[in-house]
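Here, each number is a calculation from the coordinates, and none is a lab measurement. Since the model is a prediction, treat every value here as computed from it, not as a measurement. Neighbour counts run over all protein chains shown; Cβ positions are idealised from the backbone, glycine included.
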């Protein structure tokens with residue numbers, strides 16, 4: 001039986017793309033027949049490596065749109081009409097249209113067997129409503145239930161019972177979804193399957209660099225504004241250290257403004273996106289996670305894999321499940337900028353503590369390696385296959 005992964009844009013960057021490819025590349029190498037259905041395509045070449053054994057089907061190709069033959073007035077009109085089938089509280093709703101609805105619906109109806117793995121709440125809901133009955137669905141949750149708007153929460157509770165499996169990232173999420181979905185007419189199985197890390201391409205950091213690193217989309221969720229405020233305090237004590245922030249997003253100009261306002265333009269650097277965050281981590285001594293909320297916090301795991309200690313806000317939900325406070329990193333009171341700065345200063349001034357955290361982190365991180373998480377995926381997939 002075939003595996004289908006429904007994603008927003010497999011050619012893009014970001015945590016979901018990276019984790020989906022970690023899993024699909026592993027499964028393809030293990031001999032599974034894997035197809036990725038990418039609703040959109042906004043890049044000519046994929047940002048991350050895709051195993052050549054994986055089939056890619058793009059439904060709405062924005063790169064080659066100029067050369068498409070479907071530029072009829074009806075197509076153009078549909079592309080400007082609001083989506084009716086994607087939940088309106090999807091954070092990317094403005095990318096979808098009635099045209100993409102029709103393309104998704106039509107393609108979904110061509111899948112008559114196998115397992116469909118969906119990767120965001122609106123896709124989980126969409127598939128639960130419109131899949132062919134013989135198709136099994138594993139829905140993935142990359143964020144915690146508590147952060148969703150009420151309207152989306154209601155839709156999740158109503159529709160997730162029609163999934164076969166729901167894959168969650170943390171123990172807390174697993175408990176929440178079991179509580180929400182237990183006792184309903186349909187018995188969806190909820191299972192924790194954390195994100196995974198691929199094989200290390202860089203080297204273990206020497207922890208001698210005067211560099212703090214952070215990475216993620218430049219959006220309010222990631223709290224880079226809070227990190228810049230904290231680094232302003234840090235800079236007064238350690239003016240020879242730098243902060244490098246990797247990623248791109250709509251807050252770039254806002255963050256640049258903060259950097260200039262605080263006269264940190266020679267010390268806080270917006271580096272743009274990188275395909276190899278592990279190589280950049282190998283040239284840093286501290287990783288800073290300043291998010292207001294996280295689904296998991298894959299970059300924490302990647303930092304530990306590279307022997308880089310982490311200072312993180314204890315935000316909901318993921319960091320406290322990965323980091324053991326004062327053993328392999330520091331958990332700081334959620335949103336407390338002054339305490340975050342103190343945590344950075346503590347590690348910046350204590351190389352021995354950095355090395356102690358790094359040593360423990362390298363042990364901790366083994367549970368997230370793709371060979372471990374990939375095996376859980378194989379067990380889950382095989383269990384679903386056997387139930388068909």
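Bin all alpha-carbon pair distances of the stretch 1-127 at 5 Å intervals from 0 and give each bin's fraction as a whole percent. Over the stretch 1-127, the share of Cα pairs per 5 Å bin runs 2, 10, 20, 24, 20, 15, 7, 2, 0, 0 percent. For the stretch 203-286, what does the alpha-carbon gyration tensor say about shape, rounded, prolate or oblate, given a ≥ b ≥ c as the root eigenvalues, a/c under 1.5 as rounded, and a/b over b/c as prolate? Note, shape of the stretch 203-286 comes out oblate.
Helix 171-181 sits at what angle to the longest principal axis of the chain, using alpha carbons and giving 0 to 90 degrees rounded to 10? Taking Cα atoms only, the helix is inclined about 30 degrees. For the stretch 211-368, averaging the sequence separation of C-alpha pairs within contact (under 8 Å, six or more residues apart) and dividing by the residue count gives a relative contact order of 24 percent. The C-alpha atoms of the chain define a longest principal axis, and helix 370-387 lies at about 20 degrees to it.
Counting only DSSP beta bridges with both residues in the chain, the antiparallel share comes to about 0 percent. Calculated mean residue ellipticity, 222 nm, the chain: -11500 deg cm²/dmol, from DSSP H runs (n ≥ 4) at -39500 (n - 2.57) each, averaged per residue and rounded to 500. When the square roots of the Cα gyration tensor eigenvalues are ordered a ≥ b ≥ c, the ratio a/c for the stretch 276-348 is 1.5 or more and a/b does not exceed b/c, which makes its shape oblate.
For the chain, relative contact order (Cα pairs under 8 Å, six or more residues apart, normalised by length) works out to 14 percent. When a/c reaches 1.5 or more, the comparison of a/b and b/c decides; with that in mind, is the chain rounded, prolate or oblate per its Cα gyration tensor? It is prolate, given that a/c is not under 1.5 and a/b is the larger ratio.
How far is helix 15-29 tilted off the main Cα axis of the chain, in degrees rounded to 10, range 0 to 90? The helix 15-29 is inclined about 60 degrees to the chain. Peptides 125-132, 82-89, 296-303 ranked from most to least packed, by the mean per-residue count of other Cβ atoms within 10 Å: 296-303, 125-132, 82-89.
In the stretch 211-368, the ratio of gyration radius to Kirkwood radius, Rg to Rh, stands at 0.93 when only Cα atoms are counted.
Could you work out how far the C-alpha centroid of the stretch 94-136 sits from that of the stretch 262-338, in angstrom? Here the two parts' Cα centres lie 35 Å apart. Sorting 333-342, 235-244 by their mean Cβ neighbour count within 10 Å, with the most densely packed peptide first, gives 333-342, 235-244. Summary of packing: across the peptides 144-154, 33-43, the per-residue average of other C-beta atoms within 10 Å ranks them, highest first, as 33-43, 144-154. Based on every Cα atom in the stretch 63-150, Rg and the maximum pairwise Cα distance Dmax equal 14.7, 44 Å.
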